[in-house]
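Below is one structure, written out as structure tokens; comments come after it.
Bear in mind that the values in this text are calculations on the coordinates, not laboratory data. All values reported here derive from a predicted model rather than from experimental measurement. We place every Cβ from the backbone using ideal geometry, glycine too, and count neighbours over all the protein chains shown.
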Amino acid sequence: MKKFKPTGRKLIIVSLLFACVTFYNCRPRKPEAIPAAGRAEVKYLGLHVLVENKKAAAELITEIPRLARRGVNLLFVEVDYNYEYQSHPELRGPDPVSAVQVKKLVSLCRQYRIRLIPEFQSFGHQSWEKKTFSLLTVYPQFDETPGKYPDNQGIYCRSWCPLHPELPDIINALYDELLEAFEADALHVGMDEIFIIADPDCPRCRGKDPAELFALAVKTAYDHIVLKRKKEMFMWGDRLLDGKATGYGEWEASLNGTHPAVDLIPGDIIICDWHYEIMPDGVYPSIPFFLEKGFRVLPASFKNERAAAELIDYSLQFPADRMLGHLCTIWRQPEAGKTHKHPPLALAARRLRASAQAL
Ligand SMILES: [Zn+2]
């Protein structure tokens with residue numbers, strides 16, 4: 001066989017070609033599509049709903065068969081304080097979901113092979129507009145900013161104090177009741193959009209590093225849910241992302257110093273990486289970021305269909321061993337006969353089905 005010996009001008013041409021190929025391969029870009037033979041099918045088409053009263057629970061129960069036909073196989077039911085807790089009845093919302101309703105939901109989800117996971121908003125989101133939720137009205141000492149911001153004027157949501165020594169026992173009791181009532185193998189602890197943290201007026205948190213405080217709150221939940229109860233833990237990912245470096249800004253990512261916590265929390269937490277806006281060139285840098293850190297990732301969309309399509313298409317290019325599928329959020333109560341028609345949910349179902357068929 002004639003051997004190719006690059007000498008003189010040929011050597012220069014070969015070197016230039018090599019440099020061009022190297023430059024081409026190193027430039028920032030969307031990831032190459034993973035060859036079908038090397039990619040497993042994604043696990044989940046998920047849906048996240050708010051269930052804050054008995055009517056919402058009843059509507060969801062009615063909607064389960066249609067959601068299953070749509071392809072939903074993972075359902076996050078965010079109940080927060082709106083369950084008839086026995087351990088702390090003083091924290092029940094005004095019209096709490098009953099244990100009987102939850103049992104019906106459990107039974108239906110089992111019948112339709114939907115993984116059912118309760119969600120409890122932890123740390124942040126302790127108020128909404130003028131309403132402060134029960135934990136901080138019954139136990140104002142757990143408020144990170146007690147007495148500040150009357151009627152919640154000037155703030156987004158209240159936070160609890162992650163360093164209050166009496167808080168974990170109460171919250172863990174609520175987590176336990178949800179895990180048991182929902183017969184769940186996992187819990188979603190929320191933890192998104194926390195803006196009040198390390199408040200200068202909190203005697204325990206003032207002067208502390210927000211990333212260390214956030215990581216401590218995550219680990220407090222993790223120690224109970226994963227280490228003690230042997231369940232999986234899901235959380236929203238925005239506080240773990242650098243809002244400036246990623247270009248996501250202060251909502252979908254953090255500009256308040258929490259993001260270094262990503263290196264301080266356990267790697268077997270599942271990150272729900274929510275992005276509701278269209279990103280330049282359809283690139284969502286948090287997905288490879290979390291995957292490279294070793295996390296399992298469930299990207300999440302809301303109501304902007306084009307943004308949802310771009311997020312889904314971008315995320316489907318990554319191997320499915322840790323890129324788990326897609327989660328649709330509606331941020332409202334479910335409605336019988338309507339929720340399964342949520343346009344981004346229908347779109348996600350089509351995209352995931354097409355991806356599976358291409359394998
Ligand atoms: Zn505090």
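Using the Kirkwood formula over every pair of different C-alpha atoms, what hydrodynamic radius in Å results for the range 137-193?
Numbers: mean 1/r = 0.0750 Å⁻¹.
With all distinct Cα pairs of the range 137-193 included, I get 13.3 Å.
Based on the Cβ-Cβ distance of V106 and K131, what FRET efficiency does E = 1/(1 + (r/R0)^6) give at R0 = 25 Å, to the nearest 0.05? Write out the running numbers ahead of the final one.
Values: r = 29 Å, r/R0 = 1.17.
With R0 = 25 Å, the Cβ-Cβ based efficiency is 0.30.
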In debye, nearest 20, what is the charge dipole magnitude of the chain about its Cα centre with +1 on Lys and Arg Cβ and -1 on Asp and Glu Cβ, if you could check? 2260
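Take the alpha carbon gyration tensor of the range 108-226, find the square roots of its eigenvalues, order them as a ≥ b ≥ c, and report rounded if a/c is under 1.5; if not, report prolate when a/b exceeds b/c, else oblate. Show your work: numbers first, answer last.
Numbers: a/c = 2.24, a/b = 1.71, b/c = 1.31.
Here the range 108-226 falls in the prolate category.
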In degrees from 0 to 90, rounded to the nearest 10, what is the angle of the helix 167-181 Cα long axis to the longest principal axis of the chain? 80
Counting Lys +1, Arg +1, Asp -1, Glu -1, what net charge surrounds L213 among other residues with beta carbon under 14 Å of its beta carbon? +1
Tell me the Rg and the Dmax, in Å, that the Cα atoms of the range 257-296 produce. 11.3, 32
Quick one: of the DSSP bridges fully inside the chain, what percent are antiparallel, nearest 5? 10
The helix 99-111 Cα axis meets the longest alpha-carbon principal axis of the chain at an angle in degrees, between 0 and 90 and rounded to 10, of 30
Assign one of three labels to the range 138-297, namely rounded, prolate or oblate, based on the Cα gyration tensor with a ≥ b ≥ c the square roots of its eigenvalues; rounded applies when a/c is under 1.5, prolate when it is not and a/b is larger than b/c, and oblate otherwise. oblate
Tensor-based shape of the range 228-359 (alpha-carbon gyration tensor, a/c under 1.5 rounded, otherwise prolate or oblate): rounded
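Could you grab the Rg to Rh ratio for the range 49-160? Cα atoms only, Kirkwood for Rh.
Working: Rg = 16.1 Å, Rh = 15.3 Å.
Computed over Cα atoms, the ratio is 1.05.
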The helix 54-70 Cα axis meets the longest alpha-carbon principal axis of the chain at an angle in degrees, between 0 and 90 and rounded to 10, of 30
Cβ charges +1 (Lys, Arg) and -1 (Asp, Glu), total dipole of the range 223-352, debye: 620
Per DSSP helix of 4 or more residues, -39500 (n - 2.57); summed, then divided by the residues of the chain. What does that give at 222 nm, rounded to the nearest 500? -10500 deg cm²/dmol
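Once you have the Kirkwood Rh of the chain from its Cα pairs, apply Stokes-Einstein at 25 °C and 0.890 mPa s and quote D in µm²/s. Mind dumping the intermediate values first?
Working: Rh = 21.9 Å.
The estimated diffusion coefficient comes to 112 µm²/s.
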